[in-house]
Amino acid sequence: MSPRFMKQLVHFLGAVLLLAGATGCKRAPSHLLQGYAEGEFVYVSSPLPGKLTKLSVQRGQKVDKGDALFALESVAETAARDEATHRLAQAKATLEDARKGRRPTEMESLNAQLKQAQEAMSFSLSEQVRQEALRKTGAVAVESIDKARSLFTQDKERVAQLEADIKTAELGLRSDAVSALEFEVKARTEALAKAEWDLSQKQQKSPAAGSVYDTLYREGEFVAAGRPVVSLLPPANMKVRAFVSETKLVTLHPGDAAKVHVDGLAEPITGKVSFISPHAEYTPPVIYSQENRSKLVFMIELRFEDADAVKLHPGQPVDVEFPHEP
């Protein structure tokens, strides 16, 4: 082997060792916990089936609370809402008519009959008085007086009957009939509310601000009841999961602050411990001994403010650092 080749080999090995040393310096310090970002998705669906007629968002789009997401075909629901509206209007009109009593023309007829009966009673009364005066002079028989008295009594009863009929007509239907119509109006009102709710469920809006993670159907496709059409990722639903050893678990508590180092960010973001799992992960299938207890790890979760949470992406690896070494 020539001296020149040996010299080149030494230089090459030195460069490799130098590179290895530099790479080793970039490794995360031993006190950092390895973890990853995870998102809790919100799957938006309709409780009713139908063809997807309008998809208002795309993957990666930012949405605010209340923004339209999608709409399903709603011909049947619109027809049901219109029918319920008409039936309610009909029930209300029937109830109002029942409370009013008889129609004006019927009341006019009863009042005219009462007037005639009153005039007849007045005439029969005067005839009775005249017959009684003639009886005192002996000009008429007793039967004439009895006939005049009977006619006056009939006319008087006829007037009382018509006055009672008019009072009854002014009252409308009986209270139990009116109550039945009131229940009918209530049932129609609830049916209309149900029809309006069904129609509203054919158009879904964003329940929270966030980003559209995925769209699961295309316009024109049929969507079964309850099947998600859009998945959202609100910032508040981002979290980081990391694992801490059993021996260092006692140093952590919910609410503890931690710094999360993310590749590409110059500064770490701050989160707080929101959950510490009560169960061990990767537990060896043997009885715990002093030796294998050190292999136990427990999962912890951290949450962030919305401004920091948007910097994370599901599945992204991160390093977690606590002020005190866990």
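Of the residues making up the stretch 301-310, one or more are loosely packed, with under 13 Cβ neighbours inside 10 Å and at pLDDT 90 or above. Could you tell me which of the residues Leu88, Leu48 is in a helix (DSSP H, G or I) and either over 21 Å from the mean Cα position of the chain (by Cα) or not β-branched (Val, Ile, Thr) (or both)? None of the other options fit; the residue is Leu88.
Quick check on the stretch 194-206: of everything there that is within 13 Å of the chain's Cα centre (by Cα) and open to solvent by less than 70 Å² (accessible area, probe 1.4 Å), which residue is farthest from Leu48 (Cα to Cα)? Per the criteria, the residue is Ser206.
If we scan the stretch 112-129, do we find a residue that is β-branched (Val, Ile, Thr) and either touching an Asp or Glu at 6+ places or on another chain (Cβ under 9 Å) or under 30 Å from Thr189 (Cα atoms) (or both)? No, there is no match, as no residue in the stretch 112-129 is β-branched (Val, Ile, Thr) and either touching an Asp or Glu at 6+ places or on another chain (Cβ under 9 Å) or under 30 Å from Thr189 (Cα atoms) (or both). Hey, could you check the stretch 222-248 for residues that are within 23 Å of Gln203 (Cβ to Cβ) and hydrophobic (A, V, I, L, M, F, W, C) and say which is surrounded by the most Cβ atoms within 10 Å (Cβ to Cβ)? The residue in question is Val230. Restricting attention to the stretch 302-317, the residues being assigned to a strand (DSSP E or B) and of a type in the set (D, E, K, R) number 1.
Assessment of the stretch 78-85 against the conditions (without any contact (Cβ under 8 Å) to a residue 40 or more places away in the chain and closer than 30 Å to Pro49 by Cβ) yields at least one matching residue. Looking only at the stretch 96-129, residues that are open to solvent by 40 Å² or more (accessible area, probe 1.4 Å), more than 17 Å from Phe152 (Cβ to Cβ) and either of a type outside the set (A, V, I, L, M, F, W, C) or outside any helix (DSSP H, G or I) (or both) come to 14 in all.
Scanning the stretch 183-196 turns up at least one residue that is farther than 30 Å from Val75 by Cβ and modelled with pLDDT of 90 or more. The set of residues in the stretch 45-72 that are surrounded by fewer than 19 Cβ atoms within 10 Å (Cβ to Cβ) and of a type in the set (Val, Ile, Thr) contains only Thr53. Mind listing just one residue for me: the one in the stretch 130-172 that is free of Cβ contacts under 8 Å to residues at least 12 places away in the same chain and under 58 Å from the mean Cα position of the chain (by Cα) and, of those, least open to solvent (accessible area, probe 1.4 Å)? Restricting to residues being free of Cβ contacts under 8 Å to residues at least 12 places away in the same chain and under 58 Å from the mean Cα position of the chain (by Cα), the top hit is Ala164.
The values are calculated or read from the model by the stated rules, or taken from the named source; none is laboratory data. This one's a predicted model, so the numbers in the text were calculated from it and none came from an experiment. As a convention, Cβ positions derive from the backbone with ideal geometry for all residues, glycine included, and neighbour counts pool all protein chains shown. Areas reflect the complete protein model, heavy atoms only, side chains present, ligands, DNA and RNA absent. Shrake-Rupley method; radii C 1.70, N 1.55, O 1.52, S 1.80 Å.
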